[in-house]
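**Q** One structure coming up, written as structure tokens, with questions to follow.
Just so it is clear, none of the values below were taken in a lab; they were calculated from the coordinates. Being a predicted model, the structure only gives us computed values, none of them experimental. Positions of Cβ are backbone-derived with ideal geometry, glycine not excepted, and every protein chain shown enters the neighbour counts.
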Amino acid sequence: MSMVKCIGILTSGGDAPGMNAAIRAVTRAAIHNGMSVKGIYRGYKGLITNEIKEFKTQDVSNIIPRGGTILKTARCEEFRTVEGRQLAYERLVEHNIDALVAIGGDGTLTGARIFAQEFNYPVVGLPGTIDNDLFGTDVTIGYDTALNTIMECVDKIRDTATSHERLFFIEVMGREAGFLALNGAIASGSEAAIIPEIYLERDQLAEMIETGFRKSKSSSIVLVAESEVTGGAIGVAARVKKEYPQFDVRVSILGHLQRGGSPTARDRILATRMGVAAIDALLDDQRNVMIGIQNDAIVYVPFSKAIKNLKPINPDIMKTLEIVSI
Ligand code: F6P
């Protein structure tokens with residue numbers, strides 16, 4: 001039987017569509033199980049500065065369609081220090097919060113892991129990031145919405161690319177991970193995806209141009225994952241201008257619009273299932289795990305695995321893109 005009577009919930013790092021659906025589900029599942037809930041604003045920063053409010057079921061009404069996070073978010077330098085984490089711990093004790101649900105990406109879960117170990121404190125994480133770069137879960141909250149946004153944007157750019165017969169490099173987010181670029185390319189019918197996981201091994205740009213990827217087409221669109229390895233869309237386009245000046249090249253950087261918008265049904269359902277699972281995990285005396293989903297089943301992934309292991313790109317998906325883009 002779990003001893004958890006009151007949980008604290010926070011969102012941290014980059015916001016992702018579906019975080020609100022997760023906040024709603026965690027809150028309501030906790031209340032359903034007789035726990036009380038405290039919303040912690042601005043992530044670990046608000047925990048340190050005491051921005052904490054009791055949440056009732058109506059505090060999370062009508063938030064499921066909204067992008068962003070009603071709890072706000074921040075990237076907190078202080079939580080990286082022992083002193084900062086000590087202050088955070090003291091706040092939790094003051095508020096009688098006996099477990100924490102942290103929603104966010106890599107940085108959030110890294111913080112959660114250190115904190116949980118240092119204070120022997122129960123923390124459950126939910127993978128909330130558009131990047132989809134957490135190991136142990138097939139997908140993360142926000143990824144599907146961001147993919148759909150990318151698809152809609154690329155569809156629009158295709159119109160002008162075709163009219164002018166241009167080669168476009170469109171940069172998408174991903175923080176050194178190529179999931180958005182690769183699957184965004186498939187969904188939008190782009191000709192190729194340049195992603196750090198592959199660019200490190202082979203010169204994707206030279207391959208694409210030398211195999212004549214553009215021969216049968218009047219326009220080409222290449223999605224480029226933001227990354228120091230690829231140099232992003234600007235870096236790749238600069239190389240083309242220098243090495244292959246025959247192309248009429250344009251660059252478009254989608255930027256933060258990829259993080260906004262109302263979550264898709266898929267993200268709302270994922271976030272809701274994961275939110276309920278976070279409370280189940282605490283009831284089950286699980287701690288220091290991330291909730292993941294594998295083959296449509298909820299799984300508990302130890303923080304150490306979720307953070308430390310690099311989530312691999314499925315080579316079959318890369319192959320699929322290559323087959324359909326001839
Ligand atoms: O992790 C989500 C993400 O959107 C990454 O894809 C991107 O690299 C980063 O956050 C941007 O961070 P910021 O909003 O702080 O500029």
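**Q** Report, by chain and number, residues whose modeled amide H sits under 5 Å from the one on Cys6, excluding near sequence neighbours (fewer than 5 apart, same chain).
**A** Amide H to amide H, under 5 Å and 5 or more residues apart or across chains, Cys6 pairs with Ser36, Asp98, Ala99.
**Q** Tell me the relative contact order for the range 26-180 as a rounded percent, counting alpha carbon contacts under 8 Å between residues six or more apart.
**A** 15 percent
**Q** Let me ask you something else. Starting from the 7 Å offset along Cα-to-Cβ, what nm value, one decimal, do you get for the label separation of Lys242 and Asp284?
**A** Placing both labels 7 Å beyond Cα along the Cβ direction yields 5.3 nm.
**Q** How big is the chain along each principal axis, measuring the range of its Cα positions in Å and listing the largest first?
**A** That gives 67, 37, 33 Å along the principal axes, largest extent first.
**Q** If you fit an axis through the alpha-carbon atoms of helix 179-188 and take the longest principal axis of the Cα set of the chain, what angle between them do you get, 0 to 90°, nearest 10?
**A** Helix 179-188 sits roughly 50 degrees off the main axis of the chain.
**Q** Once amide H atoms are placed 1.01 Å from N in the peptide plane, what residues at a sequence separation of 5 or more from Lys72, or on another chain, have their amide H within under 5 Å of its amide H?
**A** Arg42
**Q** Let me ask another. If one takes the longest principal axis of the Cα atoms in the chain, at what angle in degrees, from 0 to 90 and to the nearest 10, does the Cα axis of helix 19-32 lie?
**A** Helix 19-32 sits at roughly 30 degrees to that axis.
**Q** Residue-wise, which Karplus ³J(HN,Hα) couplings in Hz belong to the range 153-160, taking 6.51 cos²θ - 1.76 cosθ + 1.60, θ = phi - 60°, and x for glycine or proline?
**A** Once rounded to whole Hz, the list reads 5, 5, 3, 5, 5, 4, 4, 6.
**Q** Using Cα atoms only, what is the angle between the long axis of helix 265-283 and the major principal axis of the chain, expressed in degrees (0 to 90) to the nearest 10?
**A** 30 degrees
**Q** What is the set of long-range amide H partners of Leu254 at a cut-off below 5 Å, with H atoms built 1.01 Å from backbone N?
**A** So Leu254 has HN proximity to Glu171.
**Q** With θ set to phi - 60°, apply the Karplus curve 6.51 cos²θ - 1.76 cosθ + 1.60 along the range 73-84 and write out the HN-Hα couplings as whole Hz, x wherever there is a Gly or Pro.
**A** 8, 7, 9, 10, 5, 4, 5, 7, 9, 4, 4, x
**Q** Whole-Hz Karplus ³J(HN,Hα) for the range 304-319, in order, using 6.51 cos²θ - 1.76 cosθ + 1.60 and θ = phi - 60°, x for Gly and Pro?
**A** Karplus-based 3J(HN,Hα) across the range 304-319 equals 4, 6, 4, 8, 6, 7, 7, 6, x, 7, 6, x, 4, 6, 4, 4 Hz.
**Q** Using helices alone, I'd like the mean residue ellipticity at 222 nm for the chain: each DSSP H run of four-plus residues gives -39500 (n - 2.57), total over residue count, nearest 500. Provide the component values of the computation, followed by the final result.
**A** Values: 12 runs with 137 residues, N = 326.
After summing the helix terms and dividing by residue count, I get -13000 deg cm²/dmol.
**Q** Now a separate question. About its Cα centre, how strong a charge dipole does the chain have in debye, to the nearest 20, once Lys and Arg get +1 and Asp and Glu get -1 at the Cβ?
**A** 600 debye
**Q** Using Cα springs under 10 Å in a Gaussian network model of the chain, which residue among Ile195, Ile279, Ile209 shows the largest mean-square fluctuation?
**A** Ile209
**Q** I want to verify a result. In a Gaussian network model of the chain, Cα cutoff 10 Å, which of these has the top mean-square fluctuation: Thr160, Thr272, Thr73?
**A** Thr160
**Q** Okay, next question. Between Gly231, Gly255, Gly292, find the one with the highest GNM mean-square fluctuation for the chain; connect C-alpha pairs within less than 10 Å.
**A** Highest fluctuation of the listed residues: Gly255.
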